[in-house]
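Take a look at the structure below.
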Amino acid sequence: MGLFNRQVKKKPENGQSSLEGNGHPANGDAQTQPPLPDDNGAELFDVKTAPTLSERLGDAARTRSPHAIKALMPWLDKARSSPEGRAEFIDKTKEVAWVQADNTVRAISAGMGIADTRAFFRGDPPIEKPNPRYKVHVNAFFAHLRPKYYEKASTKFSHTFALGYLSLYMFMLETITGVILMVFYTPSDRRAYEDIIKIMSEIPYGQLMRDLHRVGAELMVLIVVLHMTRVFLTGSFKPPARGFTWLTGVVLLILTFALSFSGYLLPWDQLAYWAVTIGTSMAKSVPPKEIVGYFSNLIMRGGDTINQNGLLRFYLMHVFALPAITLVLISVHYYRVARTHGISLPAADEEDPDPAVRKAAKERIDYLPELFTRELLWAAITTFLVVVYSAFVFHAPLQEHSNPLHTPLHTTAPWYFLWIQGLLKDAFVLPAIRALDQLLIAIANMFGANLGEGATIIVPFYDSPAWMGVIIPTMIIPALFLGVPYINEWWEKFWGSKPSRQLLKNRKGTVVVAILSTVFMLVIWYQGTPFFGVTAPPAIEIGQAFLPEEGVLPPVPLVPDDWGPLRRLGYANLPDGEYDLADYATPKATYTEFERILAGIQQEIIKRGQEWERGDKVRGLPNPSGTLKIEQWQPNGLKRIDLVITWDKGIVTPTDTGQYVRTVFLHQDARY
Amino acid sequence: MSVQFKILMGILVTAATVVVMLLYGINEDNRMNQYQKNFAGRSIQVGAEYYETYCMTCHGERGEGIAGKGPPLNRTDLLDLKGTPYLKAIGWGGTTADFLHNTIAAGRPQFSKFYEDESYQAHMPTWSEDFGGPLRPDQVVSLTNFILNWAPGEYEPVVAPVTPTPGPTATPIPPEEILKAIPFPMPPSDQTLASGKDVYTKYCQACHGENRDGKGPGAAGMAKPPRDFVDCAGMATLGFVTHHDAVANGIPANGMPAWGKKLSNEEIWQVIMYEREPCKLFTPQ
Amino acid sequence: MGEAKATAPNVGSAKAAPAKPAPAAKPAVSHGEAKGVGPTAAELAAIQAPMTRREFLNYAFLGSLGIFLVTLGGAFFVFALPRFGEGEFGGMFTLGAADAIIPPAADAPRANTSARAWIANTDKGVLALYNVCVHLGCLYAWMDVTDRFECPCHGSQYQKDGTYITGPAPRSLDRFAIRFTDANGTVLAETDAHGDPLPIPSPDAILVVDTGKIIQGASHG
């Protein structure tokens, strides 16, 4: 409507009644002509005699040409007859051309004319009134999603760090790279792994796309968590208006985890297979586990172990169901931020006693063009960083083909689930319950109950995976849902704080809770790493440290997996021979890289021996020694590395053989 | 930060991203080559581990073979990648890699005749789970790559598993099934031969000739002429298993198509009997 | 935000209607705009009006849609639930003669991948232990060097007969019901309800593992 009105208004007085209405009515296609209010051009053309060919062509041109040309027709004859008419015709042509061009630009820019478009790009204030840039927000779909303006203080970088924007950016990055990867990926237990190898070794930019997808996924988890932390610290979650937005944000956090976790299985390597096996086993413990746990595990896996069915289910979740739900929730979440309550102001500004400061904080900044430019810049910088990181620093790991018959040592969940894995090791509650049990037994025995070794009272009622893997993590979610927005307020009132959003002034209780829960999360996160609580036999641990079964994934995001120093050193730098590690007990400055590794193994062996001397029967070994044997196994570049560790046999256990061999093959082309 | 500065930054950063992408693209060929080798190498490493678990007890620690149990595998004459006399003798049309892969996957119903002076106590069992064995297809591929790594010179690693499509029309037909069908899945009766002739006329005659002499019109210009079924000296070396394999799975190198998907097993035996009729080679030698 | 200041409809109506002091009501707090006034006379009348037929039918309609969705969910559940065929894991596995299959009592247990079991021979008899860790489903393995089962994921440890030693696992290892038969299929010995070790009746008795019958290990103390 606006467009049409403007066009009519701009029309000059001598432009006759209508720009498009001056064609010849007699021979025209009636249906293409708008009804004419006044037929003052009709007498210019004589239609009584049979038309000649040129007249017919002229008629055709007049009636079928675009209305802009038709509008010029009345001036054409004047132009033929007189020089003034010619000048008038040229003026008229310019005018019509301007209207055409301006309308085209208005249509494309969804509201801004040529002059305003240039003013927009030049950085000048808008020319027309009302502000045509606001009109863009009404007319254009993508612009209508954004608010027309923000309050100035809410756009401070140090207030939001653009984390919400970057979360959405990562979601888009994941969608785009994910669709590209789907081109070559087949969710089949026979093809999936081969397809990943193909993407990495036969498709140009294939590895980059996979790395971008991986980097984006890990950053997305990181940024969403940081975004949530920021909202918590600035008190931007407070009900009534923002409580529900926080709630949708919690659901989005869970969806981000679910998206990341469902994608974890798809490469179908050992890393993927066992991490997801552990993850789905947690579902097995959901009480009542005979019903809910049993069936939810079966439904997720599509069988009693993860197989073709499970892979397909995870794939469909990853590429279809979860992104669809996420998109809907992002829309709800964003709608509330953009339309219902806006980005919160910094609490200090909002609560400032000086009305001038409060007023300045609410000063408007138009989205177009200032904030739009800023967002484009953020997108450009993030893209650059992510591309550089994926291209030159980080490559997504791909380990051996999944083997349902063998669990690699020190299998871990992805880093963002390590806290659950730490809970599952149950370092606090189970020992406490055991101790309590011992105490109860002692008390019972005092009263003559005569409970012997192995008797239990309360331990059998404690189901560790159910509590630690499911119930406590699930309780954290309602805590996030309700606790943060609603209990927080009650809590602060209870301690007599004024209802305020300023962190250090009025929310001291919040600060204490935040610090405590962060420390708790870090502790259980550390417990989730293989450094805590998983002790394989000491000789195997030495083998794992220097020649791991599979690449060991560090417990932090965006660091590639590590295949141990010997593999990293590479085929070419491993001289054949049998090395008695005792010869390398005292490191020398002249050692080569290889010899330094030998010395490192020997140090570890000596340490184990000392631990045994100190009486540590779990980590120590009696009188250990080691040999490293490197043999050319096949003439075409295959070496065999044997790490042999021997110790006094029959001491640790009666049947102990006193020897452990870790064998690894290394091909000259394999790179780690 | 002024708006102009932001715009300038945006331009520079975007241009830098484009440059990074282009630089990355320049090295892609090189990188992809390295990765192909990398994954081929890893496949060989994995194969070496499986070899220790499954193969070493019969074929020896380093593929040297164990007398009376399993033949050597590290022999260059077996692994000559251009095709070995042995593979030619048994009429194998595929590559050495295919032969190894199929032998590991589907086992071997006959004792190896590669080394005539040796005899072996055990059959090669089927290893792929496709044929009732314990190994997944990717493990068979890794084993194949490991064994091929004994070959002299450049080798072509088997990258993708040769996955047989499961289902009733699946080919290749595993040799133990062929063996099950021998001797005489089809007695060489008049009826068999008549049915065999029908099949022959429809599918084989164009190249192998109306007179079964290998001089059909379709044979013109072939580098290696089709099998002459009238040449009894030549036919005497053609065993039932090889004959069946040639019909069912074809000999790609010579241009013989695989008929296993088109013909039923019964029809294949009928046409084999018809083809063996001129020399009366109806009994397994 | 300009929109944030937009008045919600109910605020407008509250202003329009004469603000009659309603019976003491707490300020209604919703996720949207807080109203801060109790219900007006018109609102009270609307709340207290009896249910009309149309209102009832509307609720019934919504309810039926809800029931339909629940049915749909149930159908999807049945659709997605995996099924187990005959001869797969979950059925009986005949492993073979005792002297060929079962390791000597002093030896390490043997893994059987098709039955997903560790066949362990203890002093008291034979056990078929389900090879999945009762903690989180990783595959534990026998460690010769320490003479026990160890899980590589979270470090649970078990003795040869599946008894829990240490780690986060909630109980001892699960075992399958087993039986020994003679060549004719007559059952010579069978696992009891506790899943105790089963002595070998004779060296040529055939060991049969019933993978459909998993006996849970005892919770530990």
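Quick notes on this one:
- Using the Karplus relation 6.51 cos²θ - 1.76 cosθ + 1.60 with θ = phi - 60°, the per-residue 3J(HN,Hα) values for region A:63-72 come to 7, 9, 6, x, 5, 5, 6, 4, 5, 7 Hz, with x marking Gly and Pro.
- With Cα atoms, 0 to 90° folded angle of helix A:270-284 axis to chain A main axis: 90
- Selection of chymotrypsin sites (Phe, Trp or Tyr not before Pro), region A:403-477, meeting DSSP coil and at most 12 other Cβ within 10 Å: A:Phe447
- Gain in span if fully extended, A:Lys617 to A:Thr663, counting 0.36 nm per residue against the direct Cα distance: 14.0 nm
- Once both labels are positioned 7 Å from their Cα atoms along Cα-to-Cβ, the gap between A:Ser65 and A:Asp77 label points is 1.5 nm.
- Over every Cα atom in region A:422-528, the radius of gyration and the widest Cα-Cα span, Dmax, amount to 19.9, 61 Å.
- In terms of the mean number of neighbouring beta-carbon atoms within 10 Å, the peptides A:365-371, B:10-16 order highest first as A:365-371, B:10-16.
- Only Lys, Arg, Asp and Glu carry charge here, each on its Cβ (+1 for the first two, -1 for the last two); on that basis region A:406-545 has a dipole of about 840 debye about its Cα centre.
- Longest DSSP-loop-exposure-free segment, trypsin sites (Lys or Arg not before Pro), chain A, at most 11 other Cβ within 10 Å: A:49-587
- The fraction of Cα-Cα pairs per 5 angstrom bin, counted from 0 for region B:180-276, comes to 3, 14, 24, 28, 22, 7, 2, 0 percent, rounded to whole percents.
- For A:Asp616, residues with placed amide H under 5 Å, excluding near neighbours: none
- Binning the C-alpha pair distances of region C:93-221 at 10 Å intervals from 0 yields a P(r) profile of 14, 47, 31, 7, 0 %, listed from the shortest bin outward.
- With all projection directions averaged, the alpha carbon convex hull of the protein assembly as shown covers 76.5 nm².
- Nitroxide proxy distance, nm - points 7 Å out along Cα→Cβ at A:Ile254 and A:Ser188: 3.6
- Coil-residue GluC sites (Glu not before Pro) of region B:197-279, DSSP, other Cβ within 10 Å capped at 13: B:Glu210
- Virtual paramagnetic centre 7 Å along Cα→Cβ of B:Val230, amide N under 13 Å, in region B:197-214: B:208-214
- Dividing the convex hull volume of the alpha-carbon atoms in region A:241-327 by its residue count gives 98 Å³ per residue.
- Cβ-to-Cβ counts within 10 Å put A:Phe392, A:Phe257, B:Phe131 in ascending order as A:Phe392, A:Phe257, B:Phe131, the fewest first.
- Against the rule of thumb 2.2 N^0.38 Å, how large the Cα Rg of region C:71-121 comes out: 1.84
- A:Ala101 versus B:His123: modelled label distance in nm, points set 7 Å from Cα along the beta carbon direction: 8.7
- Sequence-distant residues sharing a close amide H with A:Tyr149 (under 5 Å, placed H): A:Tyr367
- Using a Förster distance of 30 Å, the FRET efficiency for A:Phe161-A:Val523 (Cβ separation, nearest 0.05): 0.70
- Exceedance of the 23 Å cut-off in Cα-Cα distance is limited, within the set A:Lys238/A:Lys493; A:Lys639/B:Lys88; C:Lys124/C:Lys160, to A:Lys639/B:Lys88.
- All distinct Cα pairs of chain A go into the 1/r average, and the inverse of that average, the Kirkwood radius, is 32.1 Å.
- A Förster distance of 45 Å, applied to the separation of the beta-carbon atoms of A:Ala545 and A:Ile381, puts the FRET efficiency at 0.70.
- A P(r) calculated from all alpha carbon pairs of region C:125-175, with 10 Å bins opening at zero, reads 30, 61, 8 percent.
- With R₀ set to 56 Å, the beta-carbon distance separating A:Ile515 from A:Tyr571 gives a calculated FRET efficiency near 0.70.
- C:Ala189 long-range amide H proximity, modeled H, under 5 Å: C:Phe180
Every read-out reported here was derived from the displayed coordinates using simple, explicitly stated rules and does not represent laboratory data. Note that the structure is predicted; figures quoted are calculated from it, not measured. We place every Cβ from the backbone using ideal geometry, glycine too, and count neighbours over all the protein chains shown.
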